[in-house]
Amino acid sequence: MNLITISGPPSSGKTSVIIKTAAQLMQKGLKVAAVKFDCLHTDDDIAYERAGIPVKKGLSGALCPDHYFVSNIEAVVDWGLQNQFDVLVSESAGLCNRCSPYIKEIMAVCVIDNLSGINTPKKIGPMLRMADIVVITKGDIVSQAEREVFAARVHAVNPAAMVMHINGLTGQGAFELASLLMTGRREITSLKGSKLRFSMPSALCSYCLGETRIGASYQMGNVKKMNMEEQP
């Protein structure tokens, strides 16, 4: 089975890109399934079902969705193998810009949109910098010049990635993405022993454990303080 991990900021168009790309893969006779990780609520599983794509949904609740993902992805892969899917797409929650949801030697795709601002690529960490393919959406809403500037900013942050544009509404560009995913495919039978491409955001403090009171006396564990002294 070919596992593909897709991540991106909230409302960047991840689900639309996946559905349009999956349609191209299914036309080639491949069995495609998806798993949707989110935090509190999602109806994306309904969109997948309407598109004829088998789907599993996982909500992290109070946990970091990235940590929830890495704790459950092995079981999800087992589900995909048991059902003999050819391609399993893992869609992350709309993650914070520091998240690291990619696995070594597993295809990694980051979806971002032109409306997020031209400085956004600089603000995104491993989620963008470690991706194999960067998909830019909503290009039909901005000018050609804005598209080119945004793509250049993405390339500056991740010069090794393939940068491409996809229209999530019409599906324009999805055929090219489907072809790239099949060209770089790597069949797996298990994720046991695999490693993340970059470490997860670190947090183990009193607030992680349910503390709600504010004050230094209530803070313990991994706590980072700002330097409030006057800068030279």
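Computed from the coordinates by the stated procedures, all read-outs in this text should not be read as laboratory data. If you're wondering where the values come from, they're calculated on a predicted model, not measured in any experiment. Using ideal geometry, Cβ is built from the backbone for each residue, glycine included, and neighbour counts are taken over all protein chains shown.
Could you pull out the trypsin sites (Lys or Arg not before Pro) across the stretch 132-192 that fall in loop regions by DSSP (anything but H, G, I, E, B) with no more than 16 other Cβ atoms inside 10 Å?
When the trypsin sites (Lys or Arg not before Pro) of the stretch 132-192 are filtered for loop state and at most 16 Cβ neighbours within 10 Å, Arg185, Arg186, Lys192 remain.
To make sure I understand, if each residue's beta carbon is the centre and we count other beta carbons within 10 Å, what order do Thr183, Thr170 fall in, fewest to most?
Going from least to most buried by this count: Thr183, Thr170.
In a shell of Cβ-Cβ distance under 12 Å around Phe69, excluding Phe69 itself, what net charge do Lys and Arg (+1) and Asp and Glu (-1) give?
Around Phe69, the charge tally is -3.
Which of the peptides 67-79, 99-111, 28-40, 209-221 is most tightly packed, and how do the rest follow, going by the mean number of other Cβ atoms within 10 Å of each residue?
99-111, 28-40, 67-79, 209-221
Which residue, Ala93, Val76, Ser116, has the largest displacement toward the positive end of the dipole of the chain when charges sit on each Cβ (Lys, Arg +1; Asp, Glu -1)?
The one lying farthest along the dipole's positive direction is Val76.
Let me check against my output: what whole-number percent is the relative contact order of the chain, with C-alpha pairs under 8 Å and at least 6 apart?
Taking the mean separation of contacting Cα pairs over the length of the chain, I get 25 percent.
If packing is taken as the average number of other Cβ atoms within 10 Å across a peptide's residues, how do 84-93, 46-55 rank, most packed first?
84-93, 46-55
With a ≥ b ≥ c taken as the square roots of the eigenvalues of the C-alpha gyration tensor of the chain, please select rounded if a/c is under 1.5 and otherwise prolate if a/b is larger than b/c or oblate if it is not?
It is oblate, given that a/c is not under 1.5 and a/b is not larger than b/c.
Given only helices, namely DSSP H runs of n ≥ 4 each adding -39500 (n - 2.57), what is the per-residue ellipticity at 222 nm of the chain, to the nearest 500 deg cm²/dmol?
Using -39500 (n - 2.57) per qualifying helix, the result is -9000 deg cm²/dmol.
Let's see if you can work this out: charge +1 on each Lys and Arg Cβ, -1 on each Asp and Glu Cβ, no other charges. What is the dipole magnitude of the stretch 112-232 about its Cα centre, in debye to the nearest 20?
Using only the charged Cβ atoms, the result is roughly 440 debye.
Scan around Gly168 for amide H atoms under 5 Å from its own, H built in the peptide plane at 1.01 Å from N, and keep only partners 5 or more places away or cross-chain.
Lys138
Could you check what % of the DSSP bridge pairs in the chain are antiparallel, to the nearest 5?
10 percent
With springs only between Cα atoms under 10 Å, which of Leu177, Leu63, Leu128 fluctuates most in a Gaussian network model of the chain?
Ranking Leu177, Leu63, Leu128 by mean-square fluctuation puts Leu63 first.
Within a 10 angstrom radius of the beta carbon, how do Leu204, Leu59 rank from fewest other beta carbons to most?
Final ranking by Cβ density, sparse to dense: Leu204, Leu59.
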